[in-house]
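One structure is given here, and the rest of the page talks about it.
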Amino acid sequence: MSQPSFSIVINTLNRGPVLQKTLDSFRWLKYSGDFEVVVVNGPSKDNSEEVIASWLPHIRAGRCDVANLSVSRNVGISMARGDIIAFIDDDAIPEPEWLEQLACAYHDPMVGAVGGLVYNHTGYDFQYKYCLVDRFGNADLSLPGPTPHLSFPKSERFPHLLGCNSSFRRSALLEIGGFDEEYEYFLDETDVCLRIVDAGFIIAQLPHAYVHHKYAPSNIRGDNKVVRYRYPIIKNKIYFMLKHAKEFYSMERIMQEQQSFIQSQRNDVNWCHGQGLLSATDVDTFDADLQAALEVGLKRGIDGVAPDSMITNEKLERYAGEFVSFSLSNNRKCKTILLVTRDFPPNHSGGIATFSKDLAESLAETGNIVHVITQSHDINRVDFENGVWVHRLLLREIELPQDARERNIPPHIWNWSATALEEAKRISTHRHIDVVEAPIWDCEGVAFLLNGEMPLVTSLHTTLHFWLQTHPEYASDLSWMDRFGRPMLLLEKEIMQGANAVRSNSRSIATEIEASYDFRFDPAKLFVVPHGLSCKSDQIKVCDRNSVEILFVGRLELRKGIDIFLKAIPQVLEALPNANVKIVGDNTLPGPDGTTYMERFNSEYSNKEWYSNVSFEGRLDQAALLSAYRSCSIFVAPSRFESFGLIYLEAMRESKPVIGCNVGGIPEVVAHGVNGLLVEPGNIQQLAHAILNLANNCTLRQRMGEAGKRIFNEKFTSQRMAENSLSLHNSAIADFSASRQ
């Protein structure tokens, strides 16, 4: 059976930034038929027009000269050329199956309108599921399911669809005349649903076809989501009652309903004022608006529907146009990929967080549906960010099952992995998950491994074994090792061996793990996929011979070689007293003696003339960090171990020469003498000499920076990482399928 064509209509007013996100989300709609996108812009005064123009010719653009939602919707209906017209708000995001699921309901020719469920601003809880409305416009949202049996002419209660997730047969909308333009806001779609039912059509309320409604501010409600302007709400309620209830109820009953509604609005305004959500001016405005709403609502209700307030042939001719297929939608069969990572921006900025963000966004850019499950510090919520569904969850305490207790899995480790697994199961109730990927650090994939219901990829990063080499205080603590260390080391080994596929960011880390954990990876399951970063800079800064800035980025801890770097600084600044050193990273971590490296450095060198040339910046946000990379002359990270070293890529992306150590995966990123210099880990003299070598040779810095940029573009972009991940994920899926046969 052929699929109906859709016209997605967005009616927008002063919502440029959120409109951009809504339009972008359509790129991931998976629909086997054709659909077009029609945007009708009201008298916006923000950047909405520029946003719309940036999407041409992939969308169709219309204008509405008044701030009236029903007028705007009738413009959209008149422009639309699809069999079905689907309305979505400019602050809402549809899930990929939205159109496909709406379309299925239209296979019944009696169905004239279809809508799905609506998540609220959290993306986790529902704003709207099922609703019945009576002839007074009173809504019942307590229903456990749909009510198609009440879709019949003159039904006193009828199924209702929320405007931000509602669709209609175009022919049915034209039959009833479209939207009544008396409703500038509020009860507009309720009036249409009632007339659709009275015309003999069925309204289908679906248990899926999800839309996420983010509640952007408007001329009706403020940033705190409290309604400030209640004139249209009261006026339209009165108009609706007189229009639809007087055939069924006495005028006395209708007036009682009106008074009850007005009193409820007054009570709400007074409560909001008492809570500080509305000002005294807002209360005075309500009283004035109430009087106007009563007068206009009664008059319009008694006069009846204005003849020019519906869709006319003149409007259809004025806004006629050709169907424009939305060609940006990626309809080819792509995967649903789930990334589990406790570390994810903006709350984290470490290597795993950066890797996870760039991997997620690059996988989504190729058309995959990507979910990231990460930890929240306030509420459970789901957001759509740069093409990725990001699930931020509060950590739950989940009882360890028998197989977890047998492995002595620490409760906090299990709680996070099991929390992520529960969310994955929730996602899988409405979308098949093809593959799950989780980092080896903290054994984040352990619950998925023991559950065994989804293909699992483990990504290799620095493991506990290598972390312990630079934290001897833990390695020598027998109690800690018995309680946490040894169980986790065994668990890491089990996950690396038991995963359906393993992502290794370098050849070196896989080899060193095999030697340290005494096993061999299955060659068929091991894939070396170098990390990649998004391309943010295309400019190569000309070398400044008169200014040298040396940048260190990383946690101020032993593994990152901060002790060696700080001991090399005096030699460098004695020779180059005009150079500057910028140290970026968490400077609150205690060293072996209990004091921080910053405190020790300040205590030892505060009397030196060059002391003011050294700045400890602490942790920086992404914008400030990017600025630090762009302004530096030389990047230095003398880590004692890195499984890969994203920090070197961040500097190479900005055309900076880099200095690292000849250890771990670093030599696979830094080619000695080409895009930087390598020194032996822990060697202060070599490090100081390498820094001075570059600091004194502007031409060498320029050449190495350009080489680094070239190598980055050839080997280490996030796009290349996504492309190289295809065989990794396919292998995991195939291995999982084979294991279940």
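A few points about this structure:
- Region 580-602, subset under 26 Å from residue 633 (Cβ atoms) and among the aliphatic types (A, V, I, L, M), residue surrounded by the fewest Cβ atoms within 10 Å (Cβ to Cβ): 598
- Being buried (at least 23 other Cβ atoms within 10 Å of the Cβ), of a type outside the set (D, E, K, R) and over 14 Å from residue 494 (Cβ atoms) is a description that does not apply to residue 446.
- Output for region 679-695, where each listed residue is within 19 Å of residue 582 (Cβ to Cβ) and outside any helix (DSSP H, G or I): none
- Scope region 334-385; condition assigned to a strand (DSSP E or B), more than 27 Å from residue 642 (Cα to Cα) and among the hydroxyl-bearing types (Ser, Thr, Tyr); matching residues: 336
- Yes/no for residue 534 being of a type in the set (Ser, Thr, Tyr), touching a strand residue (DSSP E or B) at 6+ places or on another chain (Cβ under 9 Å) and under 29 Å from residue 720 (Cα atoms): yes
- Residues satisfying the stated conditions in region 272-305, i.e. within 44 Å of the chain's Cα centre (by Cα) and among the small types (Gly, Ala, Ser): 274, 276, 279, 280, 288, 292, 293, 297
- Residue within region 48-65 that is within 20 Å of residue 210 (Cβ to Cβ) and surrounded by fewer than 23 Cβ atoms within 10 Å (Cβ to Cβ) present: no
- Some residue of region 144-151 being among the polar types (S, T, N, Q), in contact (Cβ under 8 Å) with a residue 24 or more places away in the chain and over 27 Å from residue 426 (Cα atoms): yes
- Filter result (more than 30 Å from the chain's Cα centre (by Cα) and closer than 15 Å to residue 310 by Cβ) within region 67-88: 68, 70, 71, 74, 75, 77, 78
- Among the candidates 409, 433, 427, residue that is touching a residue at least 12 places away in the same chain (Cβ under 8 Å), under 19 Å from residue 500 (Cα atoms) and of a type in the set (A, V, I, L, M): 433
- Cβ pairs under 8 Å, 6+ apart, first in region 259-283 and touching a residue at least 60 places away in the same chain (Cβ under 8 Å) and at positive phi, second in a loop (DSSP other than H, G, I, E, B) and hydrophobic (A, V, I, L, M, F, W, C): none
- Residue 229 meets each of the listed conditions (1) at pLDDT 90 or above; (2) in the same structural domain as residue 293 (by TED's automatic domain parsing); (3) hydroxyl-bearing (Ser, Thr, Tyr) apart from (1).
- Residues that are surrounded by fewer than 23 Cβ atoms within 10 Å (Cβ to Cβ), not aliphatic (A, V, I, L, M) and not in a loop (DSSP other than H, G, I, E, B), drawn from region 4-27: 16, 17, 20, 21, 24, 25, 27
- Residue match in region 386-405 (condition: over 19 Å from the mean Cα position of the chain (by Cα), surrounded by 15 or more Cβ atoms within 10 Å (Cβ to Cβ) and not hydrophobic (A, V, I, L, M, F, W, C)): no
- Looking only at region 180-197, and only at residues there that are part of a loop (DSSP other than H, G, I, E, B) and of a type outside the set (Asp, Glu), the one that is farthest from the chain's Cα centre (by Cα): 183
- Sub-6 Å Cβ pairs linking a first residue in region 199-214 that is over 30 Å from residue 389 (Cα atoms) to a second residue that is assigned to a loop (DSSP other than H, G, I, E, B) and of a type outside the set (S, T, N, Q), at least 6 apart or interchain, are 200/153; 202/110, ordered by first then second residue.
- Only helices (runs of 4 or more DSSP H) whose full extent lies in region 425-520 are considered here, and the ones with at least 1 residues that are more than 23 Å from residue 341 (Cα to Cα) are 464-469, 472-475, 507-517.
- Residue identified as closer than 24 Å to residue 369 by Cα, in contact with a helix residue (DSSP H, G or I) (Cβ under 8 Å, 6 or more places away or on another chain) and buried (at least 24 other Cβ atoms within 10 Å of the Cβ) among 37, 75: 37
- Unmet criterion (only one of (1) outside any strand (DSSP E or B); (2) surrounded by 15 or more Cβ atoms within 10 Å (Cβ to Cβ); (3) not polar (S, T, N, Q)) for residue 551: (1)
The values are calculated or read from the model by the stated rules, or taken from the named source; none is laboratory data. These numbers come from a predicted model, not from an experiment. Every residue, glycine among them, receives a Cβ derived from its backbone with ideal geometry; neighbour counts consider all protein chains shown.
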